[in-house]
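One structure is given here, and the rest of the page talks about it.
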Amino acid sequence: MSAPNKNYDPVEVTALSAEEVDKAVADALAAIAAATDLDELKAARLAHIGGKAPITLAGAEIKALPPSARADAGKRVGKAKGQVNKALTDRQEELERERDERVLVTETVDVTLPFDQFPPGARHPVALTMERLADVFTGMGYEVVDGPEVEAEWYNFDALNVPPDHPAREMQDTLFAARADGKPGKSGTVLRTQTSPLQIRSLLSRSLPLYVVSPGRVYRNEATDATHLAAFHQIEGLAVDEGLTMADLRGAIQAFVDAMFGGGLKTRLRPDYFPFTEPSGEVAMECHLCRGASAQPGGSPCRVCKSTGWIEIAGCGMVNPRVLVACGVDPDRYSGFAFGLGIERALMLAHGVSDIRDTVEGDVRFSRPFGMEI
Ligand code: FA5
């Protein structure tokens, strides 16, 4: 039996020789340096440090060596692997940096270029306010009704207890439609000056009891300023039932104001005159801009409330029995209340808008903060 080969010299007979290992390292470093992108580097990694790479195969032979030779060979292979791994890591970082720089140049987006996509349209704040107001009343059991903007004088005035020679027709600076035959004289048709004709239309077309609101556009021949427009919006409210009193009117207005504006702004009801309500009142709310400060002695002038401290937002009153009679309703059995509220004025109060003209000038910078509700 032959004795163990104590003289066995691994460096002479295996891939673990210093020359072989140095050559494997040199080949690996050359391939790593030659890699021009991350894919080529991946291929170099596989070829020079993967499972079938010379250095890996050499490492696998260590355990076949006699114990005395293992430490030396192990050190050689470990050092070689360390060199190759370090070169791989450095080149990886270098190539990633180059790639990121390239991406920054080739994929740059010029955000100042004109674009052909536009944001979706948004509802106008006046439309949103009108819907919100109507929602508050539908929450109280009212029904929403609609009517024409080009209206018969009879609905806009006569049936509302405003006879032809009544100064109230002048009060609202009416815009009259021209006659269809082109001849001079009145056509009997107006651009409605108020939403109150809906009182008549509702009373004539619906059964009692009646609780309706009617939002819509109205027109007046008047000069515009910070609180007045020639075309604006109102919401009309009408309740006709047995036993309704002024207390119900006040309650409805209070409930509406609380729901719409939350707490904090005072309201005021003062006697007023409307031919179709008796008694009549004017609802005003504390000025959102100066909150009454301009009305105090020494207060600086307020262009919104003209230093009165209040903005009028609605007219109201108990339905005049003459209106009930004109619509065939028995005033001994039924009574009612009505109110007409300016939408733009409500919008101004709710959102602190100081000039009503902003609502019609069409500048999206005004509309945008109200959101994109569709
Ligand atoms: C009327 O139009 C009555 N029809 C209201 C009414 C209805 C009274 C039912 C009684 C019963 P007045 O002209 O005051 O009333 O207008 C009502 C509201 O519309 C005002 O309170 C105000 O908020 C708004 N308003 C009036 N004129 C303008 C205007 N030029 N620009 C913007 N809002 C206005």
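Could you tell me the accessible area of MET130 in Å² (1.4 Å probe, neighbours in place), rounded to the nearest ten?
Here the residue's solvent-accessible area equals roughly 40 Å².
Tell me, for the chain, which Cys residues have no other cysteine's C-beta sitting closer than 4.7 Å.
Isolated Cys, the chain: CYS316, CYS327.
Quote the charge dipole size of the stretch 204-317 about the Cα centre in Debye, to the nearest 20; the model charges only the Cβ of Lys and Arg (+1) and of Asp and Glu (-1). Don't skip to the end; give the middle numbers.
Numbers: 10 positive and 12 negative charges, 85 e Å.
Magnitude of the dipole: close to 400 debye.
Using a 10 Å cut-off on Cβ atoms, rank the peptides 63-69, 336-342 from the highest mean neighbour count down. Mind dumping the intermediate values first?
Values: 63-69: 11.9, 336-342: 25.0.
Taking the mean over residues of other Cβ atoms within 10 Å, the ranking is 336-342, 63-69.
Compute the length gained on full extension between MET140 and LYS186: take 0.36 nm times their separation in residues and subtract their Cα-Cα distance, giving the result in nm to one decimal.
On the way: separation 46, 0.36 × 46 = 16.56 nm, distance 4.07 nm.
Fully extending the segment from MET140 to LYS186 adds 12.5 nm.
I need the calculated FRET efficiency for the pair ALA30 and LEU104, taking r as the beta carbon distance and R₀ as 41 Å, to the nearest 0.05.
Details: r = 30 Å, r/R0 = 0.74.
Calculated value: 0.85.
Can you give the calculated 222 nm mean residue ellipticity of the chain, where each DSSP H run of n ≥ 4 adds -39,500 (n - 2.57) and the sum is split over every residue, rounded to the nearest 500 deg cm²/dmol?
Numbers: 13 runs with 147 residues, N = 374.
Taking each H run of at least 4 residues, the total per residue is -12000 deg cm²/dmol.
In the chain, which helices (entire DSSP H runs) extend 15 Å or more along their own long axis, judged by Cα positions, while averaging at least -0.5 on the Kyte-Doolittle scale? Display every interim value, and only then the final one.
Values: long enough: 18-34 (24 Å, 0.78); 38-49 (16 Å, 0.22); 67-106 (58 Å, -1.22); 125-139 (21 Å, 0.63); 246-261 (22 Å, 0.86).
Membrane-span-like by this rule: 18-34, 38-49, 125-139, 246-261.
If I build a Gaussian network model for the chain, linking alpha-carbon pairs within less than 10 angstrom, which residue out of ASP358, ASP39, ASP146 has the largest mean-square fluctuation?
ASP39
Using 1/(1 + (r/R0)^6) with R0 = 35 angstrom and r between the beta carbons of ARG217 and ARG291, what's the FRET efficiency to the nearest 0.05?
On the way: r = 30 Å, r/R0 = 0.86.
E between ARG217 and ARG291, to the nearest 0.05, is 0.70.
Among all the lysines, which ones have a C-alpha under 16 Å from LYS306's C-alpha, if same-chain residues fewer than 8 places away are not counted?
List returned: none.
Obtain the nm distance between the two label points defined at PHE176 and LYS306 by a simple spin-label model: each point lies 7 Å from its Cα along the Cα-to-C-beta direction.
Reported label-point gap for PHE176 and LYS306 is 2.8 nm.
What distance in nm separates the two pseudo spin-label positions at ALA64 and MET246, each 7 Å out from Cα along the beta-carbon direction?
Once both label points are built, they end up 11.5 nm from each other.
Give the relative contact order (percent, whole number) for the stretch 267-310; include only Cα pairs under 8 Å separated by 6+ residues. Before the final figure, lay out the partial values.
On the way: 59 pairs, mean separation 13.4, N = 44.
Dividing the mean separation by the residue count of the stretch 267-310 yields 31 percent.
Any chance you could run the full-extension gain for ASN85 through ASP72? It's 0.36 nm times the residue separation minus the Cα-Cα distance, nm to one decimal.
So the extension gain works out to 2.7 nm.
So, for the stretch 229-285, what is the accessible surface per residue at a probe of 1.4 Å, expressed in square angstrom?
On the way: 2290 Å² over 57 residues.
Result: 40 Å² per residue.
For ARG91, what is the net charge nearby, where nearby means another residue's Cβ is under 13 Å from its Cβ and Lys, Arg count +1, Asp, Glu -1?
On the way: positive: LYS42, ARG45, LYS86, ARG97, ARG99; negative: ASP37, ASP39, GLU40, ASP90, GLU93, GLU94, GLU96, GLU98.
Overall, the nearby charge balance is -3.
With a 1.4 Å probe and every protein chain left in place, work out the accessible area per residue of the stretch 13-59 in Å², rounded to a whole number. Please report the intermediate quantities before stating the final value.
Working: 2550 Å² over 47 residues.
It amounts to 54 Å² per residue over the stretch 13-59.
Which residues among the stretch 77-93 fall inside the zone where the amide N is under 20 Å from a point 7 Å beyond the Cα of LYS42, along Cα→Cβ?
From the stretch 77-93, the list is 85-93.
How high is the FRET efficiency from HIS166 to LEU204, r the C-beta distance, R0 22 Å, rounded to 0.05?
Numbers: r = 21 Å, r/R0 = 0.96.
Approximately 0.55, to the nearest 0.05.
Could you pull out every one of the lysines with an alpha carbon less than 25 Å from that of LYS79, ignoring same-chain neighbours closer than 8 positions?
LYS23, LYS42, LYS52, LYS63
Please report the carbon-and-sulfur percent of the accessible area for the chain; probe 1.4 Å, protein heavy atoms only, DNA, RNA and ligands left out. Don't skip to the end; give the middle numbers.
On the way: 11200 of 20600 Å².
Taking all protein chains in place, the chain shows 54 percent carbon and sulfur surface.
The values are calculated or read from the model by the stated rules, or taken from the named source; none is laboratory data. Fair warning: this is a prediction, and the values are worked out from it, not measured in the lab. With ideal geometry, Cβ positions are generated from the backbone for all residues, glycine too; neighbour counts draw on all protein chains shown. Only protein heavy atoms, including side chains, enter the accessible area calculation; ligands, DNA and RNA are left aside. Shrake-Rupley method; radii C 1.70, N 1.55, O 1.52, S 1.80 Å.
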